[in-house]
1. Got a sec? Which of V377, V341 is touching a His at 6+ places or on another chain (Cβ under 9 Å), surrounded by fewer than 24 Cβ atoms within 10 Å (Cβ to Cβ) and touching a residue at least 12 places away in the same chain (Cβ under 8 Å)?
2. Return yes when L382 is assigned by TED's automatic domain parsing to the domain that holds T242, farther than 22 Å from F244 by Cα and of a type outside the set (G, A, S) and no when it is not.
3. Could you please give the count of residues in the range 362-380 that are more than 19 Å from I269 (Cα to Cα) and assigned to a loop (DSSP other than H, G, I, E, B)?
4. Tell me yes or no: at least one residue of the range 240-252 is in a helix (DSSP H, G or I) and either touching a strand residue (DSSP E or B) at 6+ places or on another chain (Cβ under 9 Å) or of a type in the set (G, A, S) (or both).
5. Condition first: of a type in the set (V, I, T) and either over 28 Å from T242 (Cβ atoms) or surrounded by 23 or more Cβ atoms within 10 Å (Cβ to Cβ) (or both). Now tell me which residues in the range 153-163 satisfy that.
6. Determine, yes or no, whether K271 is among the charged types (D, E, K, R) and free of Cβ contacts under 8 Å to residues at least 40 places away in the same chain.
7. Between a first residue in the range 322-334 that is in the same structural domain as H308 (by TED's automatic domain parsing) and of a type in the set (S, T, Y) and a second residue that is surrounded by 15 or more Cβ atoms within 10 Å (Cβ to Cβ) and outside any loop (DSSP other than H, G, I, E, B), which pairs have beta carbons less than 6 Å apart while being 6 or more apart in sequence or on different chains?
8. Test W74 against the stated conditions and say whether it is out of contact with any Asp or Glu (no Cβ under 7 Å at 6 or more places or on another chain), over 30 Å from E219 (Cα atoms), surrounded by 13 or more Cβ atoms within 10 Å (Cβ to Cβ) and of a type in the set (F, W, Y).
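The values are calculated or read from the model by the stated rules, or taken from the named source; none is laboratory data. From a predicted model like this one, the values you see are computed outputs, not experimental measurements. For neighbour counting, all protein chains shown are included, and Cβ atoms are generated from backbone atoms with ideal geometry for every residue, glycine included.
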Amino acid sequence: MEKGSAESVLSCVHCGKPAHLQCPKCVELKLPREGAAFCSQDCFKVAWSSHKSVHAKLATAASDVSSEQSDEGWQYCLRKGQMRTSKLPYFDWTGPLRPYPISKMREVPEGIEKPDWAVDGIPKIEPNSDLQTRVEIKTPEQIERMRETCRIAREVLDAAARVIQPGITTDEIDRVVHEATIAAGGYPSPLNYHFFPKSCCTSVNEVICHGIPDARKLEDGDIVNVDVTVYYKGVHGDLNETYFVGKVDEASQQLVRCTYECLEKAISIVKPGVRFREVGEVINRHASMSGLSVVKSYCGHGIGELFHCAPNIPHYGRNKAVGVMKAGQTFTIEPMINAGVWRDRLWPDGWTAATADGKRSAQFEHTLLVTETGVEVLTARLPSSPNVFPWLNSS
């Protein structure tokens with residue numbers, strides 16, 4: 001259990017003295033800290049007979065919610081979205097976060113152009129394309145479509161950012177993303193991609209990436225990454241940002257800001273002739289200076305008419321990425337930065353990657369175009385983008 005400034009002002013439930021201990025059952029059930037604090041083991045033992053009724057009430061409420069959700073098809077996700085279960089899977093969870101049941105897959109209306117995995121979950125063109133090994137130079141016509149799609153993706157992510165607050169579920173964020181994408185005439189690229197069951201990824205606290213939107217309500221002090229990709233006019237636009245939920249502790253604020261800076265510094269070196277492997281060196285240098293670590297399991301990628309293709313762009317130092325940047329290439333840079341160790345563990349759902357030590361992780365991503373003289377950020381923030389990052393306000 002982390003000690004922080006909030007903990008020091010809590011009062012013992014039994015005697016009212018300053019309290020630094022938490023009822024372990026309340027922690028497990030994610031009950032409010034104020035009703036679960038004790039100054040000593042003695043006070044905890046004395047109060048136990050009356051205090052334990054709190055747990056019973058919550059269990060009854062959870063049971064009611066669970067039966068409500070199962071009636072509507074809400075279940076836990078297994079096997080990359082190909083299976084569901086009504087019971088929480090067994091897993092050696094690395095941190096306090098747990099998966100919650102997910103709702104049924106959202107529908108996309110007829111008339112919207114869909115990628116080839118939309119119906120059966122299996123990408124067909126992408127895996128066998130020569131663009132898995134050859135970095136495409138986009139035509140001016142492709143670039144124009146990319147600009148349009150990436151702008152839509154930015155507007156969709158901004159719509160999600162506006163609804164983030166304590167009490168909203170990540171499933172509601174997914175609904176906003178889904179509806180905004182369809183309203184713009186696009187398809188949410190993650191939906192049914194290799195059976196991914198939702199229209200965006202929502203990665204909370206210790207989740208590094210690919211978190212599945214579910215019934216859990218965001219809590220004050222959480223951080224949440226929302227990763228959006230839109231398919232429109234035959235091309236994909238991909239970006240993500242990590243947001244604060246309510247009042248967030250100082251360490252998490254620094255983690256998110258450093259991750260933002262890692263991406264900005266990486267983008268600043270993008271131009272023709274720069275080696276792809278240099279991106280990781282820049283990111284690693286900045287993260288290390290803040291005592292943070294860089295995830296190695298996931299990397300940036302080429303993007304266009306394919307969702308994922310060459311080049312692979314690792315974010316860590318001393319990587320073996322091959323090739324140099326050329327004008328007309330489009331790819332993402334999307335550093336994932338951890339407060340603790342860089343290693344990750346995959347949840348039983350087959351998608352959610354969490355930190356191996358349960359400490360928090362943050363990520364930011366842009367889709368970029370290499371120009372003759374430098375770089376164009378295709379998913380750049382707009383004048384209408386919500387003002388959610390304090391560091392952007394300083395002149």
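1. Residue meeting the stated conditions: V377.
2. Against the criterion (assigned by TED's automatic domain parsing to the domain that holds T242, farther than 22 Å from F244 by Cα and of a type outside the set (G, A, S)), L382 does not qualify.
3. Matching residues across the range 362-380 total 0.
4. The answer is yes; a qualifying residue exists.
5. Selection gives V156 alone.
6. The answer is no for K271.
7. Within 6 Å, the pairs are T330/M146; T330/L369; T332/D238; T332/G300; T332/H301; T332/E365; T332/T367.
8. Criteria not met by W74.
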